[in-house]
């Protein structure tokens with residue numbers, strides 16, 4: 001029940017953006033400016049807030065082990081996305097979008113509450129550390145998937161590594177490893193601004209969907225195939241691989257659930273900022289979030305059985 005409520009809340013925010021644009025309270029041309037504000041201001045503060053606040057101190061050995069799992073996880077995700085696009089013959093414009101959709105899920109706004117509901121408070125700590133590399137990779141490789149050719153060399157050019165979100169991600173890793181404990185008031189301030197990120201992204205998604213005919217919002221074969229791979233195939237691959245490698249069941253389960261989240265909302269902002277297909281990305285986010293209401297309980301049942 002809690003999972004359904006959480007996912008319905010997401011749709012509620014998307015619908016605010018949808019109807020606000022339809023009624024004229026929100027203008028479509030605001031989406032690009034809002035995307036730039038989120039990517040350059042609120043998202044970096046959200047990343048930093050994840051390691052800030054009194055009592056939020058990580059054990060170095062535990063952080064390093066979880067980071068190893070996280071790195072292996074994204075090796076599987078990104079490597080798998082290249083494999084899928086090699087087998088699935090697509091036009092060049094869709095290859096990068098598919099790689100993004102398969103590699104990056106909505107691990108914060110959707111993933112954190114779901115791991116909390118499934119595995120308890122300790123799992124939130126695991127989820128927070130497992131998603132540290134996510135913030136670095138989505139703003140380098142993920143951005144390149146949407147805006148360029150998907151070249152890993154291009155993703156890690158010096159000018160792209162100096163973007164606000166990448167810098168914030170690196171600082172967050174350093175703070176976690178060095179056990180830097182910041183004042184609670186400072187952490188709350190970063191949270192206050194950073195928490196605008198997800199609602200802002202969801203409103204932009206709703207606004208973009210408002211420009212798509214209702215029939216087209218139902219998606220197409222490309223979107224549904226992507227969602228099936230993203231929501232079920234990828235987490236099952238991660239589960240089998242990490243269990244085989246002997247990682248702790250809790251770490252493996254949390255990693256599997258996080259990889260089974262719907263497409264990351266950042267994708268729509270990248271499309272608007274770098275000229276990607278925002279319509280197709282909005283469809284992918286919408287359909288994958290809708291279907292996750294069924295896939296997440298199924299994934300949880302599979303974890304229970306194994």
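The values are calculated or read from the model by the stated rules, or taken from the named source; none is laboratory data. This is a predicted model, so every value here is computed, not measured. Positions of Cβ are generated from backbone atoms using ideal geometry, with glycine treated the same way; all protein chains shown enter the neighbour counts.
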Complete set of residues in the range 83-101 that are surrounded by 14 or more Cβ atoms within 10 Å (Cβ to Cβ) and part of a helix (DSSP H, G or I): 84, 85, 94, 95, 96, 97, 98, 99, 100, 101
Kindly state which helices (runs of 4 or more DSSP H) lie completely within the range 205-254 and contain at least 2 residues that are at pLDDT 90 or above and farther than 30 Å from residue 23 by Cβ. 221-228, 234-245
Answer with yes or no whether residue 257 is touching a residue at least 60 places away in the same chain (Cβ under 8 Å), under 30 Å from residue 33 (Cα atoms), surrounded by 20 or more Cβ atoms within 10 Å (Cβ to Cβ) and touching a helix residue (DSSP H, G or I) at 6+ places or on another chain (Cβ under 7 Å). no
Qualifying position, being surrounded by fewer than 23 Cβ atoms within 10 Å (Cβ to Cβ) and within 28 Å of residue 283 (Cα to Cα), among 186, 175, 237: 237
Considering only residues of the range 41-62 that are at pLDDT below 85, in a helix (DSSP H, G or I) and surrounded by fewer than 21 Cβ atoms within 10 Å (Cβ to Cβ), which is nearest to the chain's Cα centre (by Cα)? 62
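Listed here are the residues, each with its yes/no results for (1) touching a helix residue (DSSP H, G or I) at 6+ places or on another chain (Cβ under 9 Å); (2) touching a residue at least 40 places away in the same chain (Cβ under 8 Å); (3) buried (at least 16 other Cβ atoms within 10 Å of the Cβ); (4) assigned to a helix (DSSP H, G or I).
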| site | (1), (2), (3), (4) |
| --- | --- |
| 269 | yes, yes, yes, yes |
| 273 | yes, yes, yes, yes |
| 280 | yes, yes, yes, yes |
| 284 | yes, yes, yes, yes |
| 288 | yes, yes, yes, yes |
| 294 | yes, no, no, yes |
| 298 | yes, yes, no, yes |
| 302 | yes, yes, no, yes |
What do you reckon, is residue 17 modelled with pLDDT of 80 or more, more than 25 Å from residue 132 (Cα to Cα) and buried (at least 23 other Cβ atoms within 10 Å of the Cβ)? yes
Note on the range 168-200: residues closer than 14 Å to residue 42 by Cα, in contact with a helix residue (DSSP H, G or I) (Cβ under 7 Å, 6 or more places away or on another chain), assigned to a helix (DSSP H, G or I) and at pLDDT 80 or above are 168, 187, 190, 191, 193, 194, 197, 199, 200
Would you confirm whether or not the range 148-162 contains a residue that is modelled with pLDDT of 75 or more and buried (at least 16 other Cβ atoms within 10 Å of the Cβ)? no
